[in-house]
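Read-outs throughout are calculated quantities, based only on the coordinates presented, and are distinct from any laboratory measurement. All figures in this text were calculated on a predicted structure; none of them were measured in a lab. Glycine also receives a Cβ, built like all others from the backbone with ideal geometry; neighbour counts cover every protein chain displayed.
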Amino acid sequence: MCREIAAVGDSQNEVGRYHHLSSSLSFAIATIESFLNGRMRSHLESRSDGALVQRKLRKGRFIEKLRGWPREILGTDLSLADSKIKEITSFYEIRCDLTHPKTSGHDVYETLETLNAENVKLAVAEYCVRFHEAEGSFYPYWLLGWNYFNPREDSQELYLINNQQFLHSMTYLGFRVFGFEPLGTTWLRNNMSTFAGYLGLYKELCQLSRCEPRDDQFPYKPILCRAWWATEHQRQCGNVTQEAIERAIRIHRGKF
């Protein structure tokens, strides 16, 4: 989803823009539904047999899952404005109109053109973060749109890792973050357990024009990357000077 949304801004023509907007909506709905399916599966597996779990996941309609499953899983509703649910519902309806067109006109693309791709990304992130907020858990770093890749001599493989490593990466990026206990957990609680914390961290990361710098001592250390989908970017990602690192530390010292 993040890759397609980034491509919307890079599109040089209307056809490309429509293509990437359409794809971003498909991935947006898939992100929320797969998230909820995974949580419902974990919730039911100890209570029901596999066939019942699969039936629950397959038969549920997206809107029913969106509105009702958080309470069924957590025992409480999400702290999410009804307007946000309606916004996500509108994304779903546009996606359905694109996938199963009911008219031969251009009206669905006129609606698509009104979408702000950044709003799509933030709405999806907010839904998932609000779930973690209600659950009392930390949201994963990748909801910020950043990912790790493993630098190798002949490839750059994406790599899922834990939030603990993310704390160390934030330090590499110049933020004053303490990656070790107990301060690490305190930082996570302040910044990665609520949507307010998410927005603050997201805005700070959006200001960065660089990724996590490489460490010459550990050339194959996973790199936290802001543009992990771009091949050319990956080849140069993390190649910054010590002067740039020190400047970043001065800029971000005291934040978080």
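Before moving on, here are some points about what is shown:
- Folded to 0 to 90 degrees: helix 195-206 orientation relative to the chain principal axis, Cα: 50 degrees
- Efficiency of FRET between Asp49 and Leu160 - r from beta-carbon atoms, R0 41 angstrom, step 0.05: 0.90
- Over all directions, the projected convex hull of the C-alpha atoms in the stretch 1-46 averages 3.0 nm² in area.
- Averaging over all projection directions, the Cα-based convex hull of the stretch 2-135 occupies 8.9 nm² in the image plane.
- The separation of the stretch 195-237 from the stretch 127-143, counted between C-alpha centres, amounts to 21 Å.
- In summary, the stretch 84-231 shows an alpha-carbon radius of gyration equal to 1.27 times the 2.2 N^0.38 Å reference for compact globular proteins.
- Amide H to amide H distances under 5 Å link Tyr148 with Tyr159, Cys225, where only residues 5 or more positions off or on other chains count and H is placed in the peptide plane.
- Inter-label distance, Arg152 to Ala81: 4.6 nm, where each label sits 7 Å from its Cα along the C-beta direction.
- Angle between the chain longest axis and helix 242-252 axis [Cα atoms, degrees, rounded to 10]: 60 degrees
- Residue with peak Gaussian network fluctuation, the chain [Cα springs, cutoff 10 Å], from His168, His132, His43: His43
- Along each principal axis, Cα extent of the chain, largest first, Å: 57, 49, 35
- Prolate/oblate/rounded label for the stretch 31-70 (Cα gyration tensor, a/c 1.5): prolate
- Comparing Glu14, Glu135, Glu113 in a Gaussian network model of the chain where C-alpha atoms under 10 Å apart are linked, the largest mean-square fluctuation is found at Glu14.
- Gaussian network model of the chain, Cα within-10 Å springs - most flexible of Asn191, Asn150, Asn13: Asn13
- Of Lys65/Lys221; Lys84/Lys221; Lys56/Lys102; Lys59/Lys203; Lys59/Lys86, pairs whose Cα-Cα distance is over 27 Å: Lys65/Lys221; Lys84/Lys221; Lys56/Lys102; Lys59/Lys203
- Calculated FRET efficiency for the pair Thr111/Thr231, C-beta based, R₀ 30 Å, to 0.05: 0.35
- The chain - mean residue ellipticity at 222 nm from DSSP helices (-39,500 (n - 2.57) per run, n ≥ 4, rounded to 500): -19000 deg cm²/dmol
- Qualifying trypsin sites (Lys or Arg not before Pro) in the stretch 86-195, where qualification requires a DSSP coil assignment and no more than 13 other C-beta atoms within 10 Å, comprise Lys102, Arg152, Arg176.
- Working note: Karplus 6.51/-1.76/1.60 with θ = phi - 60° gives the stretch 135-140 the couplings 7, x, 10, 8, 6, x Hz, where Gly and Pro are set to x.
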